[in-house]
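A quick write-up on the structure given underneath.
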Amino acid sequence: MHRFRAVIAALTLGVPFAASAADITRIASSFEDDDPFDLFLDVGFERTQTRAKIVREQLAGGDATDVREVNELWYKGVDARLNLAVAFGLWKDLEFSFKLPIVFQQNETWNFVSGTNQGNSTITNSCFNADGSPYSAEGCVGRLFQVPQESYRGGVGNVHFGLAYAFFNQEKDDTKPTWIIGIDYEAPTAKQRDPSLDNTDPDGDRGNVGDRVHKYQLYTAFSRRMGVAEPYFKASYTIPVRGPGAYSNCDQSGANPPNLGAPGNCYKEPWTRNETGIHAPSQTALTFGMELVPFESAAKSQKLTLDLRLLGNYVGRGRYYNELSSALRKLLTSDDYLQVGGQFGVTARAAQAFTIYASGKFLYNTDHLLTTEAIGQDVNGDGTVDTAAPTELRPNPDLNPTFDWRYDLVSRRFRAIQSTTFRFDLGATFSF
């Protein structure tokens with residue numbers, strides 16, 4: 001116990017105290033007596049890879065209550081981009097920031113898992129049309145999509161604008177931690193991604209990457225330097241708001257073959273464009289971490305930092321672009337899920353004006369349904385949702401037009417399991 005206390009004392013008191021904010025609470029401040037203007041220019045490469053097994057519900061025998069899941073696909077998504085960002089002080093401890101991502105590739109691949117092939121897959125042997133009618137009197141010979149398959153997208157992403165303020169700044173008052181609050185606004189500036197388009201040709205035009213959704217992230221972060229250790233905490237909440245020209249599945253109501261269960265209900269009350277369009281999920285994230293400084297030279301403005309983080313992110317239910325959207329050519333409704341993991345990073349400041357950094361992040365994504373669209377609404381208020389197929393003589397306004405009987409119905413839905421995400425970042429910061 002005495003030895004443990006001695007180690008803690010060495011970490012917190014045994015080295016000269018130096019107050020400098022962790023990277024997560026870095027803020028540009030201008031019009032200070034000794035620093036009239038702060039500006040940070042960040043240039044970074046980011047590569048994110050997500051891998052998941054996709055399984056599908058299937059009735060076991062003739063019992064409608066006995067539903068099992070069968071293995072279907074391996075999914076892999078790769079996003080590689082260049083992030084350009086600038087942040088500068090508007091006033092004392094008040095920062096404005098701007099970020100522009102350039103997406104080199106946003107590619108997805110689908111391949112059969114071991115033991116599944118063209119002959120036994122439910123994807124290539126589908127029995128129904130989108131409206132629930134039998135596909136063929138000769139048997140289940142329909143195909144939801146081609147496997148194997150690869151999709152290609154890229155382009156300039158959505159721009160970000162940020163505003164942050166430090167209520168406390170440890171560099172100015174070493175009796176207090178650094179505490180900032182901020183808002184990051186992601187504007188829907190990228191060209192709209194249309195999931196109905198075929199982007200499987202590697203030599204053809206790549207698909208766009210924009211979702212046409214405004215995203216407002218509210219966040220707060222704390223850090224406290226204690227000797228060579230600086231623990232920190234950050235919490236954020238992201239609010240999505242549908243932007244102008246956002247995609248709706250009803251944009252393909254005239255597709256042949258049909259890709260909607262009840263396309264005749266499109267743009268009729270209550271199935272307006274807003275109701276059938278994109279519903280991006282909200283997100284709540286928590287970060288706990290610590291920076292360790294094994295080397296620091298104040299005279300030369302040099303520092304080596306090791307960064308350890310624990311991460312958690314809750315992704316709400318929504319109709320959005322998920323692991324099967326490009327394959328099934330539409331927006332799909334996913335259940336909510338959790339992302340939990342960690343990050344390790346190294347930052348080296350060679351001089352006051354130049355810093356390089358690298359980090360690796362690993363996340364485990366909990367199992368979640370990928371196709372779980374609601375079947376409809378009780379339009380006439382009789383207490384039930386009419387699920388009968390519409391006809392010319394008997395329309396059925398209760399049915400959700402974007403519901404697809406082939407994979408949104410219980411016993412036919414797709415689920416992502418064993419899903420992991422790994423992200424690698426490498427970049428540099430220039431300080432002025």
Take the Cα atoms of the range 22-71, build their convex hull, and give its volume per residue in Å³. 160 Å³
Find the Rg to Rh ratio for the range 341-412, where Rh is the Kirkwood radius over alpha-carbon pairs and Rg uses the same atoms. 1.48
Along the charge dipole of the chain, pointing to its positive end and built from +1/-1 on Cβ of Lys, Arg, Asp and Glu, which listed residue (G261, N400, Y320) has its Cα farthest out? Y320
Could you give the semi-axes, largest first, of the ellipsoid that matches the range 245-394, computed as the square roots of 5 times the alpha carbon gyration tensor eigenvalues and rounded to whole Å? 51, 16, 13
In whole Hz, the Karplus estimates of ³J(HN,Hα) for the range 196-205 (6.51, -1.76, 1.60; θ = phi - 60°; x where Gly or Pro) are 6, 7, 8, 10, 8, 8, x, 9, x, 6
Starting from 0.36 nm per residue, how many nanometres of slack lie between Q418 and Y185 once their C-alpha separation is accounted for? 80.7 nm
What full-extension length gain, to one decimal in nm, is calculated for F104 and W91 as 0.36 nm per residue of separation minus the Cα-Cα distance? 1.1 nm
Heavy atoms only, probe 1.4 Å: what % of the accessible area of the range 230-290 goes to carbon and sulfur, would you let me know? 58 percent
Pick out which of D408, D33, D367 has the largest mean-square fluctuation in a Gaussian network model of the chain, springs linking Cα atoms closer than 10 Å. D33
Using a simple charge model, +1 on the beta-carbon of Lys and Arg, -1 on the beta-carbon of Asp and Glu, nothing else, what dipole does the chain show about its Cα centre, in debye to the nearest 20? 940 debye
Around T391, under 15 Å between beta carbons, what's the net of Lys plus Arg minus Asp minus Glu among the other residues? -3
Taking the Cα centre of the chain as the origin and placing charges on Cβ (Lys, Arg +1; Asp, Glu -1), which of Q377, T272, L304 is farthest toward the positive end of the dipole? L304
Return the loop-located trypsin sites (Lys or Arg not before Pro) in the range 266-358 (DSSP other than H, G, I, E, B) with at most 15 other Cβ atoms within 10 Å of their own Cβ; answer none if there are none. K300
Ellipsoid equivalent to the chain - semi-axes via the Cα gyration tensor, in Å: 49, 23, 20
Stretched fully, the stretch from T366 through L41 gains (0.36 nm per residue minus C-alpha distance, one decimal, in nm) 113.4 nm
Report the residue, chosen from E230, E392, E32, that carries the largest GNM mean-square fluctuation when the chain is represented by alpha-carbon nodes joined by springs under 10 Å. E392
Angle between the chain longest axis and helix 2-12 axis [Cα atoms, degrees, rounded to 10]: 90 degrees
Please report, in debye to the nearest 20, how large the charge dipole of the range 40-192 is about its Cα centre when each Lys and Arg carries +1 at its beta carbon and each Asp and Glu carries -1 there. 360 debye
Filter the trypsin sites (Lys or Arg not before Pro) in the range 160-211 down to the DSSP loop ones having no more than 15 other Cβ atoms within 10 Å, then list what survives. K172, K191
Sort 412-421, 43-52 by the packing proxy (mean of other Cβ within 10 Å over each peptide's residues), most packed first. 412-421, 43-52
Given unit charges at Cβ for Lys, Arg (+) and Asp, Glu (-), the dipole magnitude of the range 152-274 about its Cα centre in debye, nearest 20, is 360 debye
Give the accessible surface of the chain per residue, rounded to a whole number of Å², with probe radius 1.4 Å and ligands, DNA and RNA excluded. 49 Å²
Cut-off 10 angstrom, C-alpha nodes, Gaussian network model of the chain. Which of F233, F31, F128 fluctuates the most? F31
How much FRET efficiency would the formula 1/(1 + (r/R0)^6) give for T272 and L197, where r is the Cβ-Cβ distance and R0 is 30 Å, rounded to 0.05? 0.80
Per the charge dipole of the chain (beta-carbon charges, Lys/Arg positive, Asp/Glu negative, Cα centre), the residue among S126, S282, L100 reaching farthest to the positive end is L100
For the pair F430 and N380, the simple spin-label estimate (label points 7 Å beyond Cα toward Cβ) gives in nm 6.9 nm
Got a sec to turn the phi values of the range 397-408 into Karplus ³J(HN,Hα) couplings, 6.51 cos²θ - 1.76 cosθ + 1.60 with θ = phi - 60°, whole Hz, x for Gly and Pro? x, 5, 6, 6, x, 8, 5, 10, 5, 6, 9, 9
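The values are calculated or read from the model by the stated rules, or taken from the named source; none is laboratory data. Bear in mind the structure is a predicted one, so any value in this text is a computation, not a measurement. Virtual Cβ from ideal backbone geometry, glycine too; neighbours counted across all protein chains shown. To get the accessible areas, we keep the full protein, side chains included, count just its heavy atoms, and leave off ligands, DNA and RNA. Shrake-Rupley method; radii C 1.70, N 1.55, O 1.52, S 1.80 Å.
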